[in-house]
1. What net charge do the residues around residue 516 carry, taking every other residue with its C-beta under 13 Å from that of residue 516, with Lys and Arg at +1 and Asp and Glu at -1?
2. Excluding ligands and nucleic acids, what accessible area in Å² is computed for residue 517 using a 1.4 Å probe, to the nearest 10?
3. With a 1.4 Å probe and all protein chains kept in place, how do 64, 516, 501, 152 rank by accessible area, largest first?
4. Read phi for every residue in region 432-439 and hand back ³J(HN,Hα) as whole Hz from Karplus 6.51 cos²θ - 1.76 cosθ + 1.60, θ = phi - 60°, with x for Gly and Pro.
5. Quick one: which residues, 5 or more positions from residue 103 or on another chain, have an amide H under 5 Å from its amide H? H modelled 1.01 Å from N in the peptide plane, none for Pro or chain starts.
6. Ignoring ligands, DNA and RNA, what accessible area per residue does the chain give at 1.4 Å, in Å²?
7. Test of the criteria: in region 375-475, which GluC sites (Glu not before Pro) are in a DSSP loop and have at most 14 other Cβ atoms within 10 angstrom of their Cβ?
8. Protein chains only, probe 1.4 Å: how do 257, 193 rank by accessible area, largest first?
Amino acid sequence: MHDPGTYALIQLMPTALRPACWALWASASVLDDLADQRDVAPADRAARVEAWTQALQHDLAIGTSTDPVRHALVDTALRWRLDLSSLQGAMTTTRDDVGSRHFADWTQWRAWCNEEIVPWVDQVWHLFEQAGAPMTLRLDRRKDYEQFVDGTQLTDILTDLSEDLAQEDLLLPQEALDAFPGAEEDLRRGRWSPATAALIAELTALARQWMTRPAMTKGMHPGAANVLDTAACLLRAQLDAVDAAGPTLLKRTPRLSVVSRTRIFAPARLRAAMAWSLTPLTVPGSRRPAAAAHIPRPSTDNAALRPPPPHSEGARPPQIPADQMPAHVAVIMDGNGRWAQQRGLPRPEGHHAGTAAVHEIVCGALEIGLRHLTVYAFSTENWKRDTDEITTILEAIRRDLDEGPLRDLDVRQRWLGHPDKLPQELVQALQRAERRTRNRTGLTLTMCINYGGRDEITRTAAALAQAARAGEIDPRLIGEEDFARHLPHPDMPDVDLLWRTGKEQRTSNFLPWHATYAELHFTPGYWPDVDRRDLWQAITEYSRRQRRHGAAPLTTNRSTVQASR
Ligand code: IPE
Ligand code: IPE
Ligand code: MG
């Protein structure tokens with residue numbers, strides 16, 4: 001982070017955006033330094049990070065600061081209308097990092113990376129968005145982006161190895177260290193050995209592979225793509241320096257020479273000048289009032305969340321035993337058009353009424369304690385409809401994301417589907433909602449928009465093929481779990497209950513991978529007429545079903561056992 005490389009990368013941004021980037025970079029660096037001051041006891045360091053974060057909260061409220069770095073950040077947040085609340089998680093991680101950091105495996109290591117870095121990068125994305133040059137990341141490239149972030153972090157760790165070891169820190173997952181017996185002890189004792197050499201070679205190769213993601217910047221604004229491509233180039237050169245360092249890696253930090261940096265940045269600066277000269281940017285004029293910007297503390301953030309409004313007639317959810325609750329309910333919200341026609345209204349009215357029904361069902365899901373709700377809002381086949389109807393549906397979703405009542409509920413919103421053909425404003429609103437709600441823990445609401453099951457399977461197969469070609473996976477050994485890992489949301493559980501309203505009894509290309517063993521539930525009413533009690537009824541019926549997943553029925557088993565006795 002203190003590397004002149006970061007400074008040079010910011011120089012590739014449009015001039016108007018640089019002060020804001022410097023403010024973010026400086027703040028992240030100050031927090032990092034506070035957490036890393038090894039001459040200070042860990043508890044005091046944690047207290048300093050906490051105090052800085054709290055002071056920021058106060059400074060944001062009054063719109064100024066006596067501390068120059070916080071002043072720059074406050075000014076940036078107010079000027080660019082940044083919502084700094086997503087940084088809270090990163091600041092908490094930094095505070096907790098003062099203790100000893102230990103990662104059992106790559107999964108834990110990645111989660112830490114994600115917590116610590118991604119929220120800061122998200123702020124830069126938001127800046128671009130506010131400036132009218134959105135760096136819209138295609139959702140099918142999200143995995144590339146996450147690996148890229150992992151790659152930058154791993155490169156940093158390898159570069160700073162000597163400094164970290166001097167402070168008895170080793171920020172590598174145990175899983176990676178254990179693969180080279182003896183390497184950990186040698187590293188901790190500052191001994192360069194065949195095991196350490198092999199470990200470092202393996203890790204630089206891994207970081208290089210994670211950062212070589214040519215598809216990530218496809219379709220992106222050339223100026224933004226230039227920043228990311230140059231960062232990758234710089235970090236690969238840094239990895240070359242780590243490889244070339246050999247035993248000295250344990251004694252000092254390998255740095256790139258000015259010549260190597262110039263070789264990378266001179267052409268990149270030309271590309272940047274060219275790319276940004278073609279894009280008119282909107283620079284905010286005045287700052288908005290101080291009180292409008294805030295960085296809620298975790299408790300305040302939760303306090304800002306409100307419980308779902310009660311049912312209009314005061315209905316309460318049934319008590320379902322935990323082992324009979326579905327983990328994941330998916331809904332095909334059908335019948336909006338027929339609902340409108342039945343009332344002599346134009347079809348768009350049905351879609352507006354359908355939006356209110358989504359709120360109702362989300363409230364019901366929160367009240368009954370459902371963990372995952374996935375709703376089908378627009379299919380890849382729905383493009384066959386009239387342009388006017390398509391516009392109404394998509395516009396209703398966009399407006400609801402920015403202004404709707406779900407904002408303040410404990411709902412983590414996610415989007416499943418493909419950005420192609422969708423309006424840019426909708427894609428941005430979806431990504432904004434995802435960023436804003438990423439730390440919420442109540443209900444995960446996945447909205448399927450421009451979603452098609454076959455499309456999802458085809459793209460997943462393509463991602464696997466790409467991984468196989470890159471040598472990350474052996475095609476002969478591909479199993480179901482590998483496939484599942486390459487899906488757009490690998491953590492989405494299987495669908496337990498699939499509910500379709502509106503009389504039809506078909507699945508219309510919805511979640512073919514996840515719903516192979518779902519219990520099906522079809523109801524005749526049209527979607528705008530549903531009530532949270534319909535969801536509770538569906539879950540109650542589900543709780544009485546016997547799921548076998550291919551095994552013999554439980555009762556038969558028992559009688560067989562008894563008969564054989
Ligand atoms: C479902 O309602 C909503 C979407 C497909 C977007 P429909 O619009 O399909 O309503 P019907 O099936 O025509 O009544
Ligand atoms: C399925 O409904 C898609 C959504 C609810 C978004 P459709 O109304 O489009 O499905 P079909 O055409 O009747 O199968
Ligand atoms: Mg329909």
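The values are calculated or read from the model by the stated rules, or taken from the named source; none is laboratory data. Computed from a predicted structure; not experimentally measured. For neighbour counting, all protein chains shown are included, and Cβ atoms are generated from backbone atoms with ideal geometry for every residue, glycine included. The protein model used for the area step is the full one, side chains on, heavy atoms only, and it has no ligands, DNA or RNA in it. Shrake-Rupley method; radii C 1.70, N 1.55, O 1.52, S 1.80 Å.
1. Its environment carries a net charge of -3.
2. In the full protein context, residue 517 sits at about 120 Å².
3. Working: 64 60, 516 105, 501 0, 152 30 Å².
From most accessible down to least: 516, 64, 152, 501.
4. Working through the residues one at a time gives 5, 4, 5, 5, 5, 10, 4, 9 Hz.
5. Amide H neighbours of residue 103, under 5 Å, 5+ apart: 174.
6. 47
7. Details: sites: 381, 389, 395, 403, 425, 434, 456, 472; in loops: 472.
Filter output for region 375-475: 472.
8. The most accessible residue leads, giving 257, 193.
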